[in-house]
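Student: This is the structure I want to talk about, given as structure tokens.
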Amino acid sequence: MDAEASPFETSEMLAAFLASTPLLPESWSLCNVANTTAPRSFITKQVGDVGYLAFSGIQMAGSSDPSGRNLVSLESAGNGLFVPLHRHYEGEEEPVMVNAEMLHIFLSLHISSTLQNQMRALKEKSKSIIITGHCVGGATASLCALWLLSDLHSVPSPPPVLCIAFGSPLLGNASLSRAILRERWGGNFCHVVSKHDIMPRLLFALPSGLSQLHVLLQYWHLSMTSPHYSSDKLAFQLRNEEISDQLLRFVLLHLHALAQAEQETPTTSTSTTSFWPLGSYLFCSQEGAICVDNALSVVKMMHLMLITASPSSSIEDHLKYGDYVGKVCVQFLNQRSFMQAHLLPESSYEAGVALALQSSGIDSQESVAGPAEDCLKMARKMGRTPNLNSAKLAIRLSEVNPYRAQIEWYKASCDETDNQMGYYDCFKQRETSKRDSTVNLNRYKLASFWNNVIDMLEKNQLPHDFHRRAKWVNGAHFYKLLVEPLEIAEYYRQGMHRVNGHYLSHGRERRFKIFDRWWRERRVSDEENNQRSKFASLTQDSCFWARVEEAKEWLDEARRESDRTKLALLWEKIHAFERHARKLVEIKEVSKDVVANNSSYSKWVEECRALKSQMLQYPPP
């Protein structure tokens, strides 16, 4: 089936799930209660097996930043609250950063024993946990969900966690969004955004245009705590309509610029020092709701839907989530019936686009209808492309596997030769032959394939959790263990260590370092912890032979060195390698080529023993 001919999948599944359960209305009901009865705090509720935690939208951060746009590193939270998100990946200019105001609010709640005790009780009683909040409470709920997901990261069967935020301001930068996707947590966050609500869009703008934000928050807070607060007082609170008009135009201007800039370079992420959406966004209108999980499409839809807003509706819509939530289920069922009654299977893709456009509240006759339709199509295409690329790579992997198999056969034949040198030394000391040339060529072909995989991943052309998928983690690790000894052999065969320095410091390819990280971050099974009963098929330290080469040089230097201090340092390094190698051999984490009679390592052991004996008989002056 063609990629363009498929109906919406991820977004429709999430929308169907939320529309067919009481999660949305129950969450909004609790948010309302939290806003009116628990300002600057939270409430909990148990509904069957589902535990709810709702943060009030009325929070005070106590910072001097009037715009609330300061970003700080998530690591500044301390105490290891968000450890899985702290990893800084190569190619990222900035670490994971979050709104300083929101982090301050969450930490002030987190240090209290009340939140700790309530969360502990929820985990004990609940099979599923819903964390929710309105306005600033929504951002606080997102941080709480991140803390809980981080805490449950190492738990074998953790309860499902879902964060539902209503009209929440943006929380962090693009690095945060990517980190959440890498951890496979994107589906744990659903941001409900009404068609014209300006609050979720405010932080896309620059601080200079948000000088009246505190007045706006004051009005919203009064409306939340006093539902009968007269909307007529809005003009008085904002002094005049001109202020809200300026605010709307300012946000639209920046959203338009951001959407246009990203459209010109769709494969590049926005600056990591800017705010960026995370998770899925459920856009609500009087006509229904649509769900978008591609960040760039979220930005575009935020812009296109806000274009039709008036200054007053952009502010009032922040208080109308109860109306929208009540209509989502009914509208979703009506659309399902409409699809089944009026649309043919072959037009499912067009039907999906048409219904999504209708649900967004954008009339087909409006000027923004065309761009909105294109945006929805782009969201679908961009959502599928990484998975399609991953599937194509899997096919390509099957095509290059014969190259790997030939190298495996070469290793087996080297390990069985009469000269008893083993895999590494046979390749390092090889002569010109068709077999050796074929293996060397295969080494280059495999390197090209894996370099391409890394390049696609860093250009966001593959799923963000690609490096967590067992197929690719195990494949990359096996490739590294099999081929890196050949890379080391070629490096020393060509004498590159004399020009650039030793392999570990100056010659190791970047792909091997990346694969090391993938392997370290995998989930370890119990089978991997079992003790080996025979030598490994491949040495588990892929840089073992590079360490042997360095140790050989240390022995040569020890023979020539007369300075006692320098000699002591050399022997310290020799003994450290000796212990490392002996341990690997004892627990059988080396291939049998390491202990072959004429391998570089076996010769090094003999030379080391001889030099020790010689120094005992003839100690240096």
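The values are calculated or read from the model by the stated rules, or taken from the named source; none is laboratory data. It should be emphasised that the depicted structure is a prediction, and the values quoted were computed from it without experimental measurement. Here the Cβ positions follow ideal geometry from the backbone for every residue, glycine too, while neighbour counts run over all protein chains shown. For accessibility, only protein heavy atoms count, side chains too; no ligands or nucleic acids. Shrake-Rupley method; radii C 1.70, N 1.55, O 1.52, S 1.80 Å.
Student: What number of residues within the stretch 197-252 satisfy the criterion of being hydrophobic (A, V, I, L, M, F, W, C), in a helix (DSSP H, G or I), modelled with pLDDT of 80 or more and open to solvent by less than 40 Å² (accessible area, probe 1.4 Å)?
Tutor: Total satisfying the criteria: 10.
Student: Within the stretch 45-54, is there a residue that is over 22 Å from Lys123 (Cα atoms), open to solvent by less than 40 Å² (accessible area, probe 1.4 Å) and either at pLDDT 90 or above or out of contact with any Phe, Trp or Tyr (no Cβ under 8 Å at 6 or more places or on another chain) (or both)?
Tutor: Initially, the stretch 45-54 is screened for residues over 22 Å from Lys123 (Cα atoms), giving none.
Scanning the stretch 45-54, I find no residue that is over 22 Å from Lys123 (Cα atoms), open to solvent by less than 40 Å² (accessible area, probe 1.4 Å) and either at pLDDT 90 or above or out of contact with any Phe, Trp or Tyr (no Cβ under 8 Å at 6 or more places or on another chain) (or both), so the answer is no.
Student: Identify, from the list Leu462, Leu441, Leu481, the residue that is among the aliphatic types (A, V, I, L, M) and in a loop (DSSP other than H, G, I, E, B). Before the answer, list the steps.
Tutor: Details: Leu441 fails: in a loop (DSSP other than H, G, I, E, B); Leu481 fails: in a loop (DSSP other than H, G, I, E, B).
Step by step, each of Leu462, Leu441, Leu481 is checked, and only Leu462 is among the aliphatic types (A, V, I, L, M) and in a loop (DSSP other than H, G, I, E, B).
Student: Restricting attention to the stretch 178-196, which residues are open to solvent by 10 Å² or more (accessible area, probe 1.4 Å) and touching a strand residue (DSSP E or B) at 6+ places or on another chain (Cβ under 8 Å)? It would help to see each step written out before you state the result.
Tutor: Restricting attention to the stretch 178-196, the residues satisfying the condition of being open to solvent by 10 Å² or more (accessible area, probe 1.4 Å) are 178, 181-188, 191, 195-196.
Of everything in the stretch 178-196, those that are open to solvent by 10 Å² or more (accessible area, probe 1.4 Å) and touching a strand residue (DSSP E or B) at 6+ places or on another chain (Cβ under 8 Å) turn out to be Gly186, Gly187, Asn188, His191, Lys195.
Student: A follow-up question, please. Return the residues of the stretch 572-606 that are of a type in the set (A, V, I, L, M) and assigned to a helix (DSSP H, G or I); say none if nothing qualifies. Show your work before the answer.
Tutor: First pass over the stretch 572-606, keeping only residues of a type in the set (A, V, I, L, M): 574, 576, 581, 584-585, 587, 590, 594-596, 605.
Across the stretch 572-606, the qualifying residues are Ile574, Ala576, Ala581, Leu584, Val585, Val605.
Student: Open to solvent by 40 Å² or more (accessible area, probe 1.4 Å), part of a helix (DSSP H, G or I) and either out of contact with any Gly (no Cβ under 7 Å at 6 or more places or on another chain) or not charged (D, E, K, R) (or both), is that true of Ala610? Walk me through how you get there before you give the answer.
Tutor: Details: open to solvent by 40 Å² or more (accessible area, probe 1.4 Å): yes; part of a helix (DSSP H, G or I): yes; either out of contact with any Gly (no Cβ under 7 Å at 6 or more places or on another chain) or not charged (D, E, K, R) (or both): yes.
When the stated conditions are applied, Ala610 passes them.
Student: May I pose another question? Checking Ala61 against (1) at pLDDT 90 or above; (2) open to solvent by less than 40 Å² (accessible area, probe 1.4 Å); (3) among the small types (Gly, Ala, Ser), only one condition comes out false. Which one?
Tutor: With respect to (1) at pLDDT 90 or above; (2) open to solvent by less than 40 Å² (accessible area, probe 1.4 Å); (3) among the small types (Gly, Ala, Ser), Ala61 is out only on (1).
Student: Mind counting the residues in the stretch 397-428 that are of a type outside the set (A, V, I, L, M) and without any contact (Cβ under 8 Å) to a residue 60 or more places away in the chain? Break it down into steps so the answer makes sense when it comes.
Tutor: Taking the stretch 397-428 and keeping what is of a type outside the set (A, V, I, L, M), we get 398-399, 401-404, 406, 408-411, 413-420, 422-428.
Remaining after also requiring without any contact (Cβ under 8 Å) to a residue 60 or more places away in the chain: 398-399, 401-403, 406, 409-410, 413, 416-418, 426.
So the answer is 13.
For every residue, the table says whether it meets (1) farther than 13 Å from Leu482 by Cβ; (2) at pLDDT below 95; (3) in contact with a Cys (Cβ under 9 Å, 6 or more places away or on another chain); (4) open to solvent by 50 Å² or more (accessible area, probe 1.4 Å).
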| position | (1), (2), (3), (4) |
| --- | --- |
| Lys381 | yes, yes, no, yes |
| Arg384 | yes, yes, no, no |
| Ser390 | yes, yes, no, no |
| Tyr403 | no, no, no, yes |
| Cys414 | no, yes, yes, no |
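Student: Restricting to the stretch 546-571, give me the number of residues that are open to solvent by 20 Å² or more (accessible area, probe 1.4 Å) and part of a helix (DSSP H, G or I).
Tutor: Of all residues in the stretch 546-571, those open to solvent by 20 Å² or more (accessible area, probe 1.4 Å) come to 547, 550, 552-554, 556-557, 559-566, 568-569, 571.
When the remaining residues are screened for being part of a helix (DSSP H, G or I), the result is 547, 550, 552-554, 556-557, 559-560, 564-566, 568-569, 571.
Residues in the stretch 546-571 being open to solvent by 20 Å² or more (accessible area, probe 1.4 Å) and part of a helix (DSSP H, G or I): 15 in total.
Student: May I pose another question? Mind listing whichever residues of the stretch 158-177 are closer than 22 Å to Asn35 by Cα, touching a residue at least 60 places away in the same chain (Cβ under 8 Å), in a strand (DSSP E or B) and open to solvent by less than 10 Å² (accessible area, probe 1.4 Å)?
Tutor: Within the stretch 158-177, Cys163, Ile164, Phe166 meet the criteria.
Student: Identify all residues within the stretch 178-195 that are in contact with a Ser or Thr (Cβ under 8 Å, 6 or more places away or on another chain) and not in a strand (DSSP E or B); write none if there are none.
Tutor: Within the stretch 178-195, Arg178, Gly186, Gly187, Lys195 meet the criteria.
Student: Of all residues in the stretch 465-478, count the ones that are in a helix (DSSP H, G or I) and either among the aliphatic types (A, V, I, L, M) or surrounded by fewer than 18 Cβ atoms within 10 Å (Cβ to Cβ) (or both). If you could, list the steps in order and put the result at the bottom.
Tutor: Let us first name the residues in the stretch 465-478 that are in a helix (DSSP H, G or I), namely 466-468, 470-478.
When the remaining residues are screened for being either among the aliphatic types (A, V, I, L, M) or surrounded by fewer than 18 Cβ atoms within 10 Å (Cβ to Cβ) (or both), the result is 468, 470-471, 473-474, 476, 478.
The total comes to 7.
Student: Of the residues Ala489, Ala476, which is touching a helix residue (DSSP H, G or I) at 6+ places or on another chain (Cβ under 7 Å) and farther than 28 Å from Ile180 by Cα? Before you say what the answer is, go through the steps one by one.
Tutor: Details: Ala476 fails: farther than 28 Å from Ile180 by Cα.
Answer to the check: Ala489.
Student: Would you check if Asp425 is at pLDDT 90 or above and open to solvent by less than 60 Å² (accessible area, probe 1.4 Å)?
Tutor: On the way: at pLDDT 90 or above: yes; open to solvent by less than 60 Å² (accessible area, probe 1.4 Å): yes.
Answer is yes for this residue.
Student: Given the conditions (1) in contact (Cβ under 8 Å) with a residue 60 or more places away in the chain; (2) in a helix (DSSP H, G or I), report the number of the one that Leu143 does not fulfil.
Tutor: For Leu143, the exception is condition (1).
Student: Further question: Please find, among Trp554, Trp519, the residue that is farther than 26 Å from Asn442 by Cα and of a type in the set (A, V, I, L, M, F, W, C). Quick ask: steps written out before the conclusion?
Tutor: Details: Trp519 fails: farther than 26 Å from Asn442 by Cα.
None of the others qualify; the one that does is Trp554.
Student: Looking only at the stretch 299-355, count every residue that is aromatic (Phe, Trp, Tyr), at pLDDT below 65 and closer than 25 Å to Pro277 by Cα and tell me the total. Even if it seems obvious, please write down each step before you answer.
Tutor: In the first step, residues of the stretch 299-355 are kept if they are aromatic (Phe, Trp, Tyr); the result is 321, 324, 332, 338, 349.
Still in the running and at pLDDT below 65: 332, 338, 349.
Narrowing further to those that are closer than 25 Å to Pro277 by Cα: 332.
Looking only at that region, the number is 1.
Student: Right, another one. Find the residue count for the stretch 479-521, including only residues that are basic (Lys, Arg), surrounded by fewer than 20 Cβ atoms within 10 Å (Cβ to Cβ) and touching an Asp or Glu at 6+ places or on another chain (Cβ under 9 Å).
Tutor: Total meeting the criteria: 4.
Student: While we're on this one: Do we find that Ser150 is of a type in the set (Ser, Thr, Tyr), touching a Leu at 6+ places or on another chain (Cβ under 7 Å), in contact (Cβ under 8 Å) with a residue 12 or more places away in the chain and more than 27 Å from Ala38 (Cα to Cα) in this structure? Before you say what the answer is, go through the steps one by one.
Tutor: On the way: of a type in the set (Ser, Thr, Tyr): yes; touching a Leu at 6+ places or on another chain (Cβ under 7 Å): yes; in contact (Cβ under 8 Å) with a residue 12 or more places away in the chain: yes; more than 27 Å from Ala38 (Cα to Cα): no.
Considered against the rule, which asks whether it is of a type in the set (Ser, Thr, Tyr), touching a Leu at 6+ places or on another chain (Cβ under 7 Å), in contact (Cβ under 8 Å) with a residue 12 or more places away in the chain and more than 27 Å from Ala38 (Cα to Cα), Ser150 comes out as no.
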